[in-house]
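Q: Got a structure for you, written out below as structure tokens; questions coming shortly.
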Amino acid sequence: MAHPAQEETITLVKEIFRTYLKERNQRQTPERFMVLEEIYRAEGHFDADDIFFNMKNAGTRVSRATVYNTLDLLIECGLVQRQQFGKNQYYYERSYAYQQHDHMICKECGVVIEFCDPRILEIQRLMEEIHDFNVEGHSLHLFGRCKDVEACMRRKEGGDKIKSLKKEEA
């Protein structure tokens, strides 16, 4: 799971976002940059309401529409990725300066396990060569069920929208 971003990374992504907005004649509002900062200070995966309520609880005045619109802009400029883990709801995660990774998702309790395996990159390169194709990115979601049924049931009964094994271990 990703840890909160370093200040240098936050400064850099703000500048990337500022340039992106300027090039597209979009407004550079303080609220948009507050949403960006909230995302890069967060850990792991989150949905739009997580961002909205975290900001609201911290006393930041931002509308839900601003959060959703800003997420769309951040996806367009490559600073955030949208994921759908087999449900009707989207989850987001930071994408700048973070290692490419993939996900295993339990269909029973919803736990999301992030993993990185260099063999996937090797397969990607091989497929590029075989098919004369330039891959610009990939998304791999493996669905299954936890082997530890008791832990799985505890997570399911917890009722969280999305879980991570890392949170349980901490």
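Bear in mind these aren't lab numbers, they're just calculated from the coordinates by the rules spelled out. Values in this document were obtained by computation on a predicted structure and should not be read as measured data. Methodologically, a virtual Cβ is constructed for each residue, glycine included, from the backbone with ideal geometry; neighbour enumeration extends over all protein chains shown.
Q: Calculate, for residue 53 and residue 22, the FRET efficiency according to 1/(1 + (r/R0)^6) with r their C-beta to C-beta distance and R0 25 Å; round to the nearest 0.05.
A: 0.25
Q: Now for a separate question. List the aspartates and glutamates whose Cα lies under 19 Å from the Cα of residue 107, skipping any in the same chain that are fewer than 8 positions away.
A: 47, 148, 150, 157, 160, 168
Q: Farthest toward the dipole's positive end in the stretch 24-138, which of 89, 67, 106, given Cβ charges of +1 (Lys, Arg) and -1 (Asp, Glu) about the Cα centre?
A: Farthest along the dipole direction, towards plus: 67.
Q: Figure the gain on full extension for residue 8 and residue 61 (residue separation times 0.36 nm, minus the Cα-Cα span) and round it to one decimal in nm.
A: Between residue 8 and residue 61, full extension yields an extra 16.6 nm.
Q: Helix-derived [θ] at 222 nm for the chain: sum -39500 (n - 2.57) over DSSP H runs of at least 4, divide by residue count, nearest 500?
A: It lands at -14500 deg cm²/dmol.
Q: What is the spin-label model distance, in nm, from residue 101 to residue 123 if the labels are put 7 Å beyond Cα along the C-beta direction?
A: Result: 1.9 nm between the two label points.
Q: Show me, for the stretch 32-49, the HN-Hα J-couplings you get by feeding each phi into the Karplus relation (A = 6.51, B = -1.76, C = 1.60, θ = phi - 60°), rounded to Hz, glycine and proline as x.
A: 4, 6, 5, 5, 4, 5, 4, 5, 6, 8, 7, 10, x, 8, 8, 10, 4, 5
Q: Roughly speaking, what is the centre-to-centre gap between the stretch 110-159 and the stretch 45-72 when only Cα atoms are used, to the nearest Å?
A: About 27 Å separates the Cα centre of the stretch 110-159 from the one of the stretch 45-72.
Q: Given R₀ = 22 Å, FRET efficiency for residue 133-residue 83 by Cβ-Cβ distance, to 0.05?
A: 0.40
Q: Let me ask something additional. Compute the distance in nm between two label points, each set 7 Å from the Cα along the Cα-to-Cβ direction, one at residue 116 and one at residue 156.
A: 3.2 nm
Q: Using the Cα centre as the reference, give the magnitude of the dipole from point charges on the C-beta atoms of the stretch 9-128 (Lys, Arg: +1; Asp, Glu: -1; all else neutral), rounded to the nearest 20 debye.
A: Roughly 500 debye, rounded to the nearest 20.
Q: Still on this model: For the chain, which span is the longest to avoid every loop-located (per DSSP) member of trypsin sites (Lys or Arg not before Pro) having at most 14 other Cβ atoms inside 10 Å?
A: For trypsin sites (Lys or Arg not before Pro) (loop position, at most 14 other Cβ atoms within 10 Å), the longest site-free span of the chain is 108-144.
Q: Another one. Quote the relative contact order of the chain in percent (integer), defining contacts as alpha-carbon pairs under 8 Å separated by 6+ residues.
A: Normalised by residue count, the contact order of the chain is 19 percent.
Q: Now for a separate question. Place a label point 7 angstrom from the Cα of residue 37 along the Cα-to-Cβ direction, then list the residues of the stretch 58-95 whose backbone nitrogen is under 15 Å away.
A: Taking a point 7 Å out along Cα→Cβ of residue 37, the residues of the stretch 58-95 whose backbone N falls under 15 Å are 58-62.
Q: Taking volume of the Cα convex hull per residue in Å³ straight from the coordinates, which label in (1) 117; (2) 107; (3) 149 is the correct one?
A: After the calculation, the listed value that fits is (3).
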